[in-house]
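What follows is a single structure, written as structure tokens, with notes after it.
The values are calculated or read from the model by the stated rules, or taken from the named source; none is laboratory data. Note that the coordinates shown come from a computational prediction; the quantities given were computed from them, not determined experimentally. A quick note on method: Cβ atoms are made from the backbone with ideal geometry, for glycine too, and the neighbour counts reach across all protein chains shown. Note: areas computed on protein heavy atoms with side chains; ligands, DNA, RNA excluded. Shrake-Rupley method; radii C 1.70, N 1.55, O 1.52, S 1.80 Å.
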Amino acid sequence: MTDQVILQAEGLKFGFPGTNKLILNDVSLSISRGETLALVGRSGSGKSTLARILLRLIKPQRGQISFNGADWLALQGKHLRQMRAKMQMVFQDPLAAFNPNSTICTLLDEPLRIHGMREVHQRAIMITQLLYRVALDPALITRRVDEVSGGQRQRIAIARALATKPELIVLDEAVASLDVSVRAHILDLLQDIQARDQTSYLFITHDLAVAKRIAHKIAVMDEGKIVEYGRADDILDDPQTAITKALIAASPRLKR
Ligand SMILES: Nc1ncnc2c1ncn2[C@@H]1O[C@H](COP(=O)(O)OP(=O)(O)O)[C@@H](O)[C@H]1O
Ligand SMILES: [Mg+2]
């Protein structure tokens, strides 16, 4: 981890149009190169909404985001497209959105094509490399989305995210539906990728045991606010808020 800040968000406010409830209320955070920030909190606390704002899928009413040195919310056109490649996402069941008949090859080819790799041969080599990087057998390329296991699906989603050489990957409950041993392998894989490429992660999870395993820092969210923020060890060893204590108590693997 270095001190180079990759993503900095300041004073984000968001409410869904036509409602007056603030879903995000003055949220600020920063993520450095090679750092994992775990965003934890109860269901409904606003984690996924924050992720969607950081990914520029929805717009905040207030606040600023700088990403990779740019004014992220102001970027448009070509600059936006280029910078979008640098921030990727992995969701809980990321392949669910695709046609189940798509092959793994098609899924990995698409981001390469969109981000300007024109040569078919070059893309084929890259697809094989991506599968190696996530420890999958390149023979999988001919398989269909509905023919691979849960753990394989998540590796494919990670490979897809890596295709554009991102600086930051936003993972929203990405290991939540995996069983414990598969989850451990995916967390190891993410750590290997980070050690090699200095990738930064915003790792959203409701499970503090997962946060302990992977995060350098933790931000605890409650009712649209970040109520606790700091080094993972400090927060887990000496939680300051009732909400953090409750999250720790709810995680059987953390209780002592
Ligand atoms: N499309 C929507 N319209 C109105 N409210 C929404 C919408 N989507 C989510 N919400 C509300 O926003 C709040 C935060 O949701 P979310 O960001 O999904 O939380 P989390 O990911 O922490 O579970 C919840 O109260 C949820 O009901
Ligand atoms: Mg969510």
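Please work out the C-alpha center-to-center distance from segment 1-57 to segment 184-256 and express it in whole Å. After rounding, the separation between the Cα centres reads 15 Å.
Segment 92-107 and segment 61-83 have Cα centres lying 28 Å from one another.
Within the accessible area of the chain, the carbon and sulfur atoms contribute 49%, probe 1.4 Å, all protein chains present. Taking every DSSP beta bridge with both residues inside the chain, roughly what % is antiparallel (nearest 5)? Of those bridges, close to 50 percent are antiparallel.
Each of Asn99, Thr205, Ile243 was scored by the projection of its Cα onto the charge dipole of segment 97-256, and the greatest displacement toward the positive side belongs to Asn99; charges sit on the C-beta of Lys, Arg, Asp and Glu. In a DSSP loop and with at most 10 other Cβ atoms within 10 Å, there are no chymotrypsin sites (Phe, Trp or Tyr not before Pro) in segment 176-256. Run the reach check for Lys165 against aspartates and glutamates, Cα to Cα strictly under 13 Å, same-chain hits fewer than 8 apart removed. What comes back? Lys165 reaches Asp197. The mean sequence separation of alpha-carbon pairs under 8 Å and at least six residues apart, normalised by the residue count of segment 1-148, gives a relative contact order of 20 percent. Principal-axis analysis of the Cα atoms of the chain puts helix 180-197 at an angle of about 80° to the longest axis. Dipole check for the chain: with +1 at the C-beta of Lys and Arg, -1 at the C-beta of Asp and Glu, and the Cα centre as origin, the magnitude is about 500 Debye. Overall, segment 110-256 carries a charge dipole of about 340 debye about its Cα centre when +1 sits on the Cβ of Lys and Arg and -1 on the Cβ of Asp and Glu, all other atoms neutral. Qualifying trypsin sites (Lys or Arg not before Pro) in segment 18-49, where qualification requires a DSSP coil assignment and no more than 15 other C-beta atoms within 10 Å, comprise Lys21. Just to confirm the number: angle between the C-alpha axis of helix 120-133 and the first principal axis of the chain, 0 to 90 degrees, nearest 10? It works out to around 50 degrees. Could you go through segment 141-152 in sequence order and give the Karplus-derived ³J(HN,Hα) for each residue, using 6.51 cos²θ - 1.76 cosθ + 1.60 with θ = phi - 60°, rounded to whole Hz, and x for Gly and Pro? Values, residue by residue: 4, 8, 6, 8, 3, 7, 10, 10, 6, x, x, 5 Hz.
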